[in-house]
Each structure stands twice: as C-alpha cells, then as structure tokens.
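Here the structure is laid out as structure tokens; the discussion comes afterwards.
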Amino acid sequence: MDVRTRRSRDALVAAAYALAEQRDIATISVTDITNASGISRDTFYRHACDPVDLIATALHAELAEAIEQFGDLLDPAETAAVSHTAEPAPGANANASTTALSTTNHVFAGPTRVFLGHVRTHATLYRMAASGSLSGRLRSVLIEPAREVLADHLRRHPEIVPAALAPLSETTFAMAVAYAAGGTVAAAEAWLLTGDLDDLDGAVHAVLAASPQWWGERR
C-alpha cells in the first residue's frame, strides 16, 4: 500500500472510529465517514464495502498484528526463563501465591494481555456497537484472532492435550479451540460491560484462571 493510499485509509478509519464511539455502527453511513474524513466516496469504496466492513477490518488487522508477535508460545528460551518457581513471600498465602504465579507465567499471559488491552483501547466503540453487545461482525473481530492463535498453538504442541481428549479428531480439535476462543471473548465482554477497565492485570488473571488448565501447561 503506497503512502497516499495508506493516508486515505487511515483518515477513513479514524473518522469511522470516532463516529462509532458516538453511536451504534449500524447507524453510520458512508456519507457520514466521508464528510468527517474529507475523503471521497470513490476512495472509500476502494477500501471497504460499507462502514461496518471498514471498522471491522481495521480492528481485526490491528488485533491480529499485535497478537502475531508471540509466534510459538512455547519457545524454548521463554520456557526456560519462566521455569523457575518463585518462593512465596513470608506470611503470604501459599495457594494465592501459586495461583498468581501460574497465571503470570501462563503460556497465554502475553496474548491475553494484548487481547484485553485491545478491548480496553476501543472500549467505547465496542460498547456502542449493537447497544453494548459484541455481536455479528464485531464479535468475529475478536473471536477469529483468538481462534487462530489457539489453533496454531495446539497444532504445534499436541502433547498438551489431556488423555481424556487424546488423540484429537478434526472435530474435537475444532470444538476445543472454539470453546476456548468463545470463552475468552465472552469473558472480555463481561469485563467490558461490568468490570473496572483500569484493572487490566485483574482481567488477565481472571481469564487465565478460569481457562481449562491444560491450555496453559508447559511440557
């Protein structure tokens, strides 16, 4: 994408985001976005077929790029760096310490933080969409990157699958990934609508602690 094209796209996306923070994206028209951005309708249609498509595509690209940095979550260097168990502080509750450690060093701690950080950054937009419900295209914006990183991790590391599920059939694989991705998005939605968005650490901890344990194991 050349510089001029990127500038036009960025201007359209910025205008669309600003409008989507004021009202449901279903009520935003192409004219609204072109008037706000100063970009022509012809140029708009070179980037998207409608406002929802423009917003969803931009959000998806932003989240996917942020999550892509993690690559193989069980990289040997990373595993070695977190393999040493810390001793609880004097007088600390042992169970609480173990839980905190397990979620801090969880395989998906990094991606979960990025995922929830994205939700927090665009909280107003997501809240306004469909009267505060993450439905339709915007739900897929969150589910698809989550599903992709989970599926990639499971393909790389089939050894983490518990005996009760092994060996995974194609259907069971898809179900396990869908369950984990859907649960993560549902948890993010609950945090978005009822939680303290300043408490990102607490939200990450809650998602990881509530996830099936085998997803976070290092073997």
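If you take the alpha carbon atoms of the range 162-219 and fit the smallest convex hull around them, that volume is 79 Å³ per residue. Restricted to Cα atoms, the range 3-66 shows a radius of gyration and a Dmax of 10.9, 31 angstrom. Which shape class, rounded, prolate or oblate, goes with the range 106-219 when its Cα gyration tensor gives a ≥ b ≥ c as root eigenvalues, a/c under 1.5 marks rounded, and past that a/b bigger than b/c marks prolate? Prolate shape, in that a/c is at least 1.5 and a/b is the bigger ratio. Other residues with beta-carbon under 11 Å from the beta-carbon of Ala203 carry, at +1 per Lys or Arg and -1 per Asp or Glu, a net charge of -2. What separates the Cα centres of the range 132-210 and the range 36-51 is a distance of 33 Å. Highest mean packing first, where packing is the average number of other Cβ atoms within 10 Å per residue, the peptides 6-12, 184-190 line up as 184-190, 6-12.
Values quoted throughout were computed directly from the atomic coordinates according to the rules given, and no laboratory measurement underlies them. Since this is a predicted model, take the numbers as computed values, not measurements. Counting neighbours? That spans all protein chains shown, and the Cβs are built from the backbone with ideal geometry, glycine included.
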